[in-house]
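Asker: Questions regarding the structure given below will be posed in turn.
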Amino acid sequence: MSSIAVVSRDEDAPHPRPEPASAPRARRQRPLRLRVHSLLRWLHIYTSMVSLLVVLFFAATGVTLNHPAWLAAERTDEISGTLPATWKTPKGIDWLVVAEHLRAAHGVHGTVADRREDDREGSLTFRAPGYSADAFIHVRDGSYKLTVSYQGAVGVLNDLHRGRDAGGAWAWLIDVSGVFLVFLSLTGLGLLFYLRKVRLKALLVMAGGATVVVVLAKLVG
(Lines give C-alpha, C1' and ligand atoms only; values in the text may rest on other atoms or scores of the structure.)
Protein backbone atom coordinates (compact mmCIF):
# COMPACT_ATOMS: atom_id res chain seq x y z
CA MET A 1 0.00 0.00 0.00
CA SER A 2 1.50 3.25 -1.09
CA SER A 3 1.87 5.81 1.59
CA ILE A 4 0.88 9.41 1.02
CA ALA A 5 3.13 11.96 2.54
CA VAL A 6 1.32 14.81 4.11
CA VAL A 7 3.24 18.04 4.44
CA SER A 8 1.99 20.11 7.30
CA ARG A 9 2.29 23.90 7.23
CA ASP A 10 3.10 25.66 10.42
CA GLU A 11 0.72 28.61 10.63
CA ASP A 12 2.85 30.19 13.28
CA ALA A 13 5.97 30.20 11.18
CA PRO A 14 7.01 33.68 10.07
CA HIS A 15 6.21 34.56 6.49
CA PRO A 16 9.07 35.72 4.38
CA ARG A 17 9.04 39.51 3.99
CA PRO A 18 8.83 40.90 0.48
CA GLU A 19 11.93 42.51 -0.80
CA PRO A 20 11.72 46.25 -0.15
CA ALA A 21 11.38 48.39 -3.23
CA SER A 22 14.40 50.35 -4.01
CA ALA A 23 14.22 53.62 -2.02
CA PRO A 24 14.04 56.75 -4.14
CA ARG A 25 17.22 58.65 -4.34
CA ALA A 26 17.48 61.48 -1.84
CA ARG A 27 16.73 64.82 -3.40
CA ARG A 28 19.77 66.83 -3.98
CA GLN A 29 19.79 70.18 -2.24
CA ARG A 30 19.29 73.03 -4.66
CA PRO A 31 22.27 75.29 -5.21
CA LEU A 32 22.39 78.41 -3.05
CA ARG A 33 22.00 80.62 -6.12
CA LEU A 34 18.68 79.04 -7.05
CA ARG A 35 17.42 79.16 -3.47
CA VAL A 36 18.21 82.86 -3.22
CA HIS A 37 16.47 83.45 -6.55
CA SER A 38 13.32 81.65 -5.38
CA LEU A 39 13.30 83.57 -2.10
CA LEU A 40 13.70 86.93 -3.84
CA ARG A 41 10.95 86.14 -6.29
CA TRP A 42 8.59 85.04 -3.51
CA LEU A 43 9.32 88.13 -1.43
CA HIS A 44 8.97 90.45 -4.41
CA ILE A 45 5.63 89.00 -5.53
CA TYR A 46 3.95 89.03 -2.14
CA THR A 47 5.43 92.35 -1.04
CA SER A 48 4.11 93.92 -4.23
CA MET A 49 0.66 92.45 -3.56
CA VAL A 50 0.60 93.81 -0.01
CA SER A 51 1.77 97.27 -1.07
CA LEU A 52 -0.15 97.49 -4.36
CA LEU A 53 -2.80 99.94 -3.14
CA VAL A 54 -0.19 101.96 -1.27
CA VAL A 55 1.90 102.35 -4.44
CA LEU A 56 -1.16 103.36 -6.46
CA PHE A 57 -2.28 105.87 -3.82
CA PHE A 58 1.06 107.64 -3.43
CA ALA A 59 1.69 107.57 -7.19
CA ALA A 60 -1.67 109.19 -7.98
CA THR A 61 -1.52 111.74 -5.17
CA GLY A 62 2.05 112.60 -6.16
CA VAL A 63 0.62 113.89 -9.44
CA THR A 64 -2.24 115.83 -7.81
CA LEU A 65 0.14 117.26 -5.23
CA ASN A 66 2.25 118.63 -8.07
CA HIS A 67 -0.80 120.43 -9.50
CA PRO A 68 -2.43 122.47 -6.71
CA ALA A 69 -4.53 124.32 -9.30
CA TRP A 70 -6.67 121.20 -9.54
CA LEU A 71 -8.24 122.12 -6.18
CA ALA A 72 -11.28 123.52 -7.95
CA ALA A 73 -13.70 122.38 -5.25
CA GLU A 74 -12.18 124.60 -2.54
CA ARG A 75 -14.84 126.44 -0.54
CA THR A 76 -14.86 128.79 2.44
CA ASP A 77 -17.77 129.45 4.79
CA GLU A 78 -18.04 132.37 7.21
CA ILE A 79 -20.18 131.82 10.32
CA SER A 80 -20.98 134.05 13.28
CA GLY A 81 -22.39 133.17 16.67
CA THR A 82 -22.27 133.60 20.42
CA LEU A 83 -20.86 131.14 22.93
CA PRO A 84 -22.97 129.75 25.80
CA ALA A 85 -22.79 131.37 29.20
CA THR A 86 -20.34 128.78 30.55
CA TRP A 87 -17.63 129.59 27.98
CA LYS A 88 -15.62 131.72 30.40
CA THR A 89 -14.23 131.00 33.86
CA PRO A 90 -12.36 133.23 36.34
CA LYS A 91 -9.14 131.74 34.97
CA GLY A 92 -9.97 132.51 31.35
CA ILE A 93 -11.62 130.78 28.39
CA ASP A 94 -12.86 127.26 28.93
CA TRP A 95 -11.55 125.79 25.70
CA LEU A 96 -13.36 122.50 26.15
CA VAL A 97 -16.75 124.28 26.29
CA VAL A 98 -15.82 126.35 23.22
CA ALA A 99 -14.68 123.33 21.21
CA GLU A 100 -17.74 121.25 22.08
CA HIS A 101 -20.07 124.14 21.22
CA LEU A 102 -18.44 124.64 17.81
CA ARG A 103 -18.58 120.92 17.07
CA ALA A 104 -22.24 120.64 18.06
CA ALA A 105 -23.47 123.88 16.50
CA HIS A 106 -21.51 123.95 13.26
CA GLY A 107 -20.23 120.42 12.71
CA VAL A 108 -16.62 121.45 13.18
CA HIS A 109 -14.28 118.45 13.17
CA GLY A 110 -10.61 117.62 13.21
CA THR A 111 -8.02 117.99 15.94
CA VAL A 112 -7.26 121.20 17.80
CA ALA A 113 -4.06 122.49 16.22
CA ASP A 114 -3.67 125.81 18.00
CA ARG A 115 -5.29 128.04 20.59
CA ARG A 116 -4.46 131.51 21.78
CA GLU A 117 -5.89 133.97 24.30
CA ASP A 118 -5.19 137.55 25.32
CA ASP A 119 -7.17 140.39 26.92
CA ARG A 120 -9.12 141.16 23.75
CA GLU A 121 -9.42 138.01 21.68
CA GLY A 122 -9.08 134.26 21.74
CA SER A 123 -8.64 131.93 18.77
CA LEU A 124 -9.08 128.22 18.29
CA THR A 125 -7.99 126.27 15.19
CA PHE A 126 -9.13 122.84 14.00
CA ARG A 127 -7.27 120.89 11.35
CA ALA A 128 -8.01 117.74 9.33
CA PRO A 129 -6.90 116.53 5.88
CA GLY A 130 -8.32 118.99 3.34
CA TYR A 131 -10.13 120.92 6.08
CA SER A 132 -9.55 123.78 8.49
CA ALA A 133 -11.70 125.79 10.88
CA ASP A 134 -10.56 128.97 12.63
CA ALA A 135 -12.66 130.54 15.38
CA PHE A 136 -11.96 134.07 16.65
CA ILE A 137 -13.65 134.94 19.95
CA HIS A 138 -14.29 138.40 21.38
CA VAL A 139 -13.41 138.07 25.05
CA ARG A 140 -15.68 140.98 26.00
CA ASP A 141 -19.01 139.40 25.02
CA GLY A 142 -18.34 135.84 23.83
CA SER A 143 -19.29 136.48 20.21
CA TYR A 144 -17.20 134.72 17.58
CA LYS A 145 -16.52 134.43 13.89
CA LEU A 146 -15.80 131.03 12.42
CA THR A 147 -14.05 130.51 9.07
CA VAL A 148 -14.33 126.98 7.67
CA SER A 149 -12.33 125.96 4.59
CA TYR A 150 -12.93 122.84 2.52
CA GLN A 151 -10.43 121.78 -0.13
CA GLY A 152 -12.47 118.97 -1.64
CA ALA A 153 -11.52 115.36 -2.29
CA VAL A 154 -8.25 116.24 -4.01
CA GLY A 155 -7.20 118.37 -1.06
CA VAL A 156 -7.95 115.52 1.32
CA LEU A 157 -5.84 113.11 -0.76
CA ASN A 158 -2.97 115.60 -1.00
CA ASP A 159 -2.90 116.13 2.77
CA LEU A 160 -2.98 112.37 3.31
CA HIS A 161 -0.02 112.04 0.96
CA ARG A 162 1.92 114.56 3.05
CA GLY A 163 0.63 113.17 6.35
CA ARG A 164 -0.64 116.64 7.28
CA ASP A 165 -3.16 116.78 10.12
CA ALA A 166 -3.91 113.05 9.68
CA GLY A 167 -2.94 111.82 13.14
CA GLY A 168 -0.40 109.38 14.50
CA ALA A 169 -1.98 106.25 13.00
CA TRP A 170 -1.69 107.62 9.47
CA ALA A 171 1.91 108.71 10.12
CA TRP A 172 2.67 105.14 11.20
CA LEU A 173 1.08 103.86 7.98
CA ILE A 174 3.29 106.15 5.90
CA ASP A 175 6.40 104.83 7.65
CA VAL A 176 5.38 101.22 7.08
CA SER A 177 4.54 101.99 3.45
CA GLY A 178 7.97 103.50 2.94
CA VAL A 179 9.64 100.38 4.32
CA PHE A 180 7.53 98.21 2.00
CA LEU A 181 8.47 100.29 -1.05
CA VAL A 182 12.18 100.16 -0.21
CA PHE A 183 11.98 96.41 0.27
CA LEU A 184 10.04 96.02 -2.99
CA SER A 185 12.69 97.99 -4.88
CA LEU A 186 15.58 96.02 -3.41
CA THR A 187 14.04 92.63 -4.13
CA GLY A 188 13.28 93.74 -7.69
CA LEU A 189 16.89 94.83 -8.11
CA GLY A 190 18.07 91.50 -6.73
CA LEU A 191 15.92 89.61 -9.23
CA LEU A 192 17.46 91.63 -12.05
CA PHE A 193 20.83 89.97 -11.53
CA TYR A 194 19.29 86.59 -12.41
CA LEU A 195 18.07 87.80 -15.81
CA ARG A 196 21.19 87.30 -17.88
CA LYS A 197 19.73 88.34 -21.22
CA VAL A 198 18.53 91.76 -20.09
CA ARG A 199 20.64 92.37 -17.00
CA LEU A 200 23.21 94.66 -18.61
CA LYS A 201 20.62 96.70 -20.54
CA ALA A 202 18.44 97.06 -17.47
CA LEU A 203 21.36 98.23 -15.34
CA LEU A 204 22.31 100.79 -17.99
CA VAL A 205 18.72 102.10 -18.08
CA MET A 206 18.69 102.30 -14.28
CA ALA A 207 21.98 104.23 -14.31
CA GLY A 208 20.57 106.57 -16.96
CA GLY A 209 17.44 107.22 -14.93
CA ALA A 210 19.49 107.88 -11.80
CA THR A 211 21.65 110.33 -13.76
CA VAL A 212 18.59 112.25 -14.96
CA VAL A 213 17.25 112.51 -11.41
CA VAL A 214 20.60 113.78 -10.09
CA VAL A 215 20.92 116.34 -12.90
CA LEU A 216 17.37 117.64 -12.30
CA ALA A 217 18.04 117.85 -8.57
CA LYS A 218 21.16 119.90 -9.28
CA LEU A 219 19.25 122.22 -11.57
CA VAL A 220 16.46 122.97 -9.12
CA GLY A 221 18.91 123.17 -6.22
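The values are calculated or read from the model by the stated rules, or taken from the named source; none is laboratory data. On a predicted model such as this, the values are computed, not experimentally measured, just so you know. Cβ sites come from the backbone with ideal geometry, for glycine too, and all protein chains shown count toward neighbours. Quick note on the areas: whole protein, heavy atoms, side chains included, nothing else; ligands and nucleic acids left out. Shrake-Rupley method; radii C 1.70, N 1.55, O 1.52, S 1.80 Å.
Asker: At a 1.4 Å probe radius, which order do 45, 137 fall into by accessible area, largest first?
Answerer: Numbers: 45 85, 137 0 Å².
Output order, biggest surface exposure first: 45, 137.
Asker: With only Lys, Arg, Asp and Glu charged, each at its Cβ (+1 for the first two, -1 for the last two), find how big the charge dipole of the chain is about the Cα centre; round to the nearest 20 debye. Could you put the intermediate results ahead of the total?
Answerer: Working: 26 positive and 19 negative charges, 362 e Å.
So the magnitude is around 1740 debye.
Asker: Give the angle, between 0 and 90 degrees and rounded to the nearest 10, that separates the Cα long axis of helix 95-106 from the longest principal axis of the Cα atoms of the chain.
Answerer: 80
Asker: Rank 140, 116, 199 by accessible area, highest first, at a 1.4 Å probe radius?
Answerer: Details: 140 205, 116 100, 199 75 Å².
These residues rank, largest area first, as 140, 116, 199.
Asker: Which log10 I(q)/I(0) values does the range 59-112 give at q = 0.15, 0.26, 0.30 Å⁻¹ under the Debye formula, counting every alpha carbon as one identical point scatterer?
Answerer: Log10 of I(q)/I(0), two decimals: -0.64, -1.06, -1.18.
Asker: Local charge sum around residue 157 (other residues, Cβ-Cβ under 15 Å, Lys/Arg +1, Asp/Glu -1)?
Answerer: For residues surrounding residue 157, the net value is -1.
Asker: Moving to a separate point now. What's the angle, to the nearest 10 degrees (0 to 90), between helix 52-65's Cα axis and the longest principal axis of the chain?
Answerer: Once rounded, one gets 30 degrees.
Asker: Where is the GNM fluctuation largest for the chain (alpha-carbon springs, 10 angstrom cutoff): 96, 124, 53?
Answerer: 96
Asker: Report, to one decimal in Å, the Kirkwood hydrodynamic radius for the range 96-191 based on all distinct Cα pairs.
Answerer: Taking the inverse mean of 1/r over all distinct Cα pairs, the range 96-191 comes out at 15.7 Å.
Asker: Distance between the C-alpha centers of the range 194-221 and the range 29-81? Whole Å please.
Answerer: 21
Asker: At 20 °C and 1.002 mPa s, what whole-number value in µm²/s does Stokes-Einstein give for the translational diffusion of the chain, with Rh from the Kirkwood sum over Cα pairs? Don't skip to the end; give the middle numbers.
Answerer: Numbers: Rh = 24.9 Å.
Calculated translational D: 86 µm²/s.
Asker: Among the lysines, select those whose C-alpha is under 30 Å from the C-alpha of residue 145, and discard any that sit fewer than 8 residues away in the same chain.
Answerer: Result set, ordered by chain and number: 88, 91.
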